[in-house]
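J.: Pasting a structure below so you can have a look.
The values are calculated or read from the model by the stated rules, or taken from the named source; none is laboratory data. Given the structure is predicted, the values throughout are model-derived calculations rather than measurements. Cβ placement follows ideal geometry from the backbone for every residue including glycine, while neighbour counts extend to all protein chains displayed.
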Amino acid sequence: MIKKKKVLVSVINNISTDQRVEKVCNSLFKKGYEIFIIGTNLYGLPTLKRPYPTHRFNLVFQKKFLLFSEFNLKLFWHILFRSDKNTILLANDLDSLLPNYLVSKIKSIPLVFDSHEIYSELPSVQGRFSQKIWKKLERYIIPKIKHFYTVSEGYADFFEKNYGNRPIVIKNVPLINTKPNKELHITINLPKNPHNKKILLYQGVINFSRGIDKMIEAMKFVDNIQFWIIGDGSLRKKYENYTNELNLENKVYFLGEIPSEQLKLITPMADLGLSLEEDRGLSYRYALPNKLFDYIHAKIPVLGTYLPEIKKVIDKDQIGEVISKHSAREISEKINLIIAKGKSYYLDNLDKASEKYNWEAQEANLLNIFYKASK
């Protein structure tokens, strides 16, 4: 029998809100792996309640090159001294891969890579010198990785075509909904809604290329609707100002970051979920965001973008509508169409889709990757 190993998990994201990392770690923990997560203070240091230990670096630098340099240097020394022959290294995304790769070679221990996106094709690096650095890193390391998985078939196609290494696809989907915990209740101050207006919901990072500005503008052309934006990011203040410029502060509400336990109670309150990512590079074009599946499991229909991976799910499973372009007018028309049909119109298909897209169905592939790495 193969001895279960300890897994050192590296991620630069906020550990408290990275649902994919949490699901992976919980699945491995339940199977007897010893889990240790290494993160940062990049998006704050909220209290964590996990059955395994975590460590977060206090980064002095919070921007671009210096941030990544500091994180990678600290990560290298940390995992070098913490790892031993019974360790598996798990790197989440390209920004944590190099230190893990070097330590895996120095100590001859297995490395697993989870690519949440195509890092060198993110809009934030397009056309910049940093894009060349990330692409060189991809070309150098990715062809050599033995244990490799990602979130969509589009991403897998990209890595196979460009680097000759096709990863396993493990979609970023929720656990099957169990009976709600009767002890849980909503503790977040939600917008008042005395007239029972319909609720639109966006949950995720507030950043460019998410179509959020178009969603806000579309609120000019719809009535009896509230738009809740859940999350935070670099463009939150800009979009709040834009909302005020359009005199939509009584329609558009920014709720900020919400813990996942609370989010699971709030998302089902919505009448429609929005996922309108824009085509700003291959990483977005082939993205399959977890918000799409969160909406499905919350049994709310989806208005999605025309990008291929998102469109494929919505059209194939008939759980909403797809825009053909990012115009506020078309977005508002699609919103009115879905609202007119009502949530009940999509409910049967949402039920079937939630049974198909769930973490339990993905877990076997994940565990098999780590079983092979353990050998």
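J.: Checking the structure you have, find out if any residue of the stretch 241-258 is of a type in the set (A, V, I, L, M, F, W, C), touching a residue at least 60 places away in the same chain (Cβ under 8 Å) and closer than 26 Å to E278 by Cβ.
T.: Yes; the residues of the stretch 241-258 include at least one that is of a type in the set (A, V, I, L, M, F, W, C), touching a residue at least 60 places away in the same chain (Cβ under 8 Å) and closer than 26 Å to E278 by Cβ.
J.: Given the condition within 23 Å of V24 (Cα to Cα) and in a helix (DSSP H, G or I), answer yes or no: does some residue in the stretch 144-151 qualify?
T.: So far as the stretch 144-151 goes, yes, one or more of its residues are within 23 Å of V24 (Cα to Cα) and in a helix (DSSP H, G or I).
J.: Specify which of the listed residues (E333, E363) is more than 30 Å from S27 (Cα to Cα) and at pLDDT 95 or above.
T.: Only one candidate qualifies: E333.
J.: Among the candidates N72, N13, which residue alone is at pLDDT 95 or above and either assigned by TED's automatic domain parsing to the domain that holds S115 or touching a Lys or Arg at 6+ places or on another chain (Cβ under 8 Å) (or both)?
T.: N72
J.: Any residue at all in the stretch 290-302 that's surrounded by 18 or more Cβ atoms within 10 Å (Cβ to Cβ), of a type in the set (S, T, Y), closer than 24 Å to K23 by Cβ and assigned by TED's automatic domain parsing to the domain that holds T243?
T.: Yes, the stretch 290-302 has at least one match.
J.: In the stretch 338-366, which residue that is among the aliphatic types (A, V, I, L, M) and exposed (fewer than 13 other Cβ atoms within 10 Å of the Cβ) is nearest to I296 (Cα to Cα)?
T.: Per the criteria, the residue is A340.
J.: Same structure, new question: Of all residues in the stretch 90-127, which are under 29 Å from R285 (Cα atoms), hydrophobic (A, V, I, L, M, F, W, C) and either modelled with pLDDT of 95 or more or part of a strand (DSSP E or B) (or both)?
T.: Result: L90, A91, L94, L97, L98, L111, V112, F113, I118.
J.: Inspect the stretch 106-116 for any residue being buried (at least 20 other Cβ atoms within 10 Å of the Cβ), of a type in the set (D, E, K, R), more than 25 Å from G32 (Cα to Cα) and in contact (Cβ under 8 Å) with a residue 24 or more places away in the chain and give the result as yes or no.
T.: Within the stretch 106-116, none of the residues are buried (at least 20 other Cβ atoms within 10 Å of the Cβ), of a type in the set (D, E, K, R), more than 25 Å from G32 (Cα to Cα) and in contact (Cβ under 8 Å) with a residue 24 or more places away in the chain.
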